[in-house]
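Shown next, in structure tokens, is the structure this report addresses.
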Amino acid sequence: MKELVEVIAKSLVDHPDEVVVTEREGDRALIVELSVAKSDMGKVIGKKGRIAKAIRAVVKAASMREDKKVIVEIAED
């Protein structure tokens, strides 16, 4: 999942070298944290959160194969 989020985020932002994706195991789910440059936050979130919602939908669809719950969190660097 980490690689999937990283590829999507790097294709959206102006500063792909500042994209950092980390994974950690939560109690019931895998948490994927996406961190981008401050100037790229709008590009990752999108108008009314549409891009962020689309990223989460793609990750959710990919996680169905592995039968895991994955949560994508977007953090400001």
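The values are calculated or read from the model by the stated rules, or taken from the named source; none is laboratory data. All values reported here derive from a predicted model rather than from experimental measurement. Here the Cβ positions follow ideal geometry from the backbone for every residue, glycine too, while neighbour counts run over all protein chains shown.
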Pair list, Cβ < 9 Å and 6+ apart or interchain, from region 50-77 residues that are in contact (Cβ under 8 Å) with a residue 60 or more places away in the chain to residues that are assigned to a helix (DSSP H, G or I) and among the small types (Gly, Ala, Ser): 70/62; 70/63; 72/52
Restricting to region 1-15, name every residue that is surrounded by 15 or more Cβ atoms within 10 Å (Cβ to Cβ), more than 9 Å from the chain's Cα centre (by Cα) and assigned to a helix (DSSP H, G or I). 10, 12
For region 1-24, name all the residues that are under 12 Å from residue 72 (Cα atoms) and free of Cβ contacts under 8 Å to residues at least 40 places away in the same chain. 2, 6, 21, 22, 23, 24
Qualifying residues in region 19-49 (those that are among the acidic types (Asp, Glu) and crowded, with 16+ Cβ neighbours inside 10 Å) - the one modelled with the highest pLDDT: 33
